[in-house]
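Laboratory data are not the source of any read-out in this text; all were calculated from the coordinates shown. Fair warning: this is a prediction, and the values are worked out from it, not measured in the lab. With ideal geometry, Cβ positions are generated from the backbone for all residues, glycine too; neighbour counts draw on all protein chains shown.
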Amino acid sequence: MSSSPTEVSGGGVFQDVHIFSQNVNCNYAHVDYVLENLKDSVDVLFFQEPPWRTIRQTVSIALVESDIVMGAPRYPDWLYMVRPPTDECNPCVIAYVHRCLAHLCPSMQWDIIDHWDIFVLSLFTPKGAVNFLNIYSDNAHTAINLLSQEVNMLPAFIYMGGDFNCHSKVWDPAHTLYPLVAQHLLEFASDVRLEWAHSSNPGLTHTLHNPDLASSVIDLVFMGPLSMLSDLPRLDLNCCGPLDHVPISTLVPISEFEIRISRMVILRKSPEESGFLIDITTGLWALNVEDLFSPDTIEVATSAVAEVFSLAWNAHAKEVVITACSKS
């Protein structure tokens, strides 16, 4: 990992971005601590479940009482980016971008996807835009399901990280199951050319303080194949603080990414979509689902359903070339 924000080549080109991701469990003091202590070593802070409270009061010319300003901690070294609350729903993801990246015009892309659990950050390099995802997915898997539904409308990404609240034997050896939501997450990642990146120092990421509850791995990072050749994510145990989520530090190269890439899609109202739906219907009709009275048989049936969808997708999906700014 770099010891100072953003390594820059001799020609002034940004080489990589150091990202620190953690579920901070609404802990204002910890966020304040991280902002101060990582300002010389990290480029982007991705927080899940950030604190959201009164930070100051301002004088109002219209009201006798002062206006209350809500938000998360601010710090002069960091550009503060957050989706404002709507319908009394506070944001579940937030980003702080170090001012050393100001030349890359960091932008929060509401137009790509607008949801309080999903944050899209774009940086604009000499080769074009590169996109990053900060995710908080609740116990109902809201963010994962939304990403899966909107995958054909999303651009390419070079990083996705956060608290996914998703258990799977793929990233947690203590779990023996491979739930459907985990498959959806992996399929989405594959569709946007990302892969799950195991940590260089593997370990539990959600270490519960209650000894009666089992700790697990639910904080994840997904990276592009080129990124994983250079530097794997690292569990940043020294910066965990009093929280039960271990932060993950990742060095993401951005200089070698070409903007034009391809991915597999099925266009809406196309012949491929018709064939896909026919294969799905035929495959599901042929399944034996009479005995669903035990967890094992339910898991087998779930895997069979997933296999039907996978075979149909592979048979009818077509490769299309997109750009980092493309939305179709």
Margin query: If neighbour count is taken as other Cβ atoms inside 10 Å, put Thr297, Thr205 in order from fewest to most.
Written below: Thr297, Thr205
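Give me the number: length gained by fully extending Ala317 to Glu272, i.e. 0.36 nm times residue separation minus the C-alpha to C-alpha distance, one decimal in nm.
15.5 nm
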Margin query: Which three numbers, in whole Å and largest first, are the semi-axes of the equivalent ellipsoid of segment 264-322 derived from its Cα gyration tensor as √(5λ)?
Written below: 28, 12, 7
Next item on the list: Mind sorting Leu133, Leu287, Leu243, Leu180 by how few other Cβ atoms lie within 10 Å of their own Cβ, fewest first?
Entry: Leu287, Leu180, Leu243, Leu133
Item checked: Environment charge of Thr297, counting only residues whose C-beta is closer than 11 Å and scoring Lys/Arg +1, Asp/Glu -1 -> -4
Next item on the list: Can you put Lys269, Lys39, Lys127 in order of Cβ neighbours within 10 angstrom, beginning with the fewest?
Entry: Lys269, Lys127, Lys39
Margin query: Students often get this wrong: which residues of segment 142-159 have the backbone nitrogen under 18 Å from the point 7 angstrom along Cα-to-C-beta of His175?
Written below: 142-148
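Can you give the net charge of the other residues whose Cβ lies under 14 Å from the Cβ of His30, counting K and R as +1 and D and E as -1?
-4
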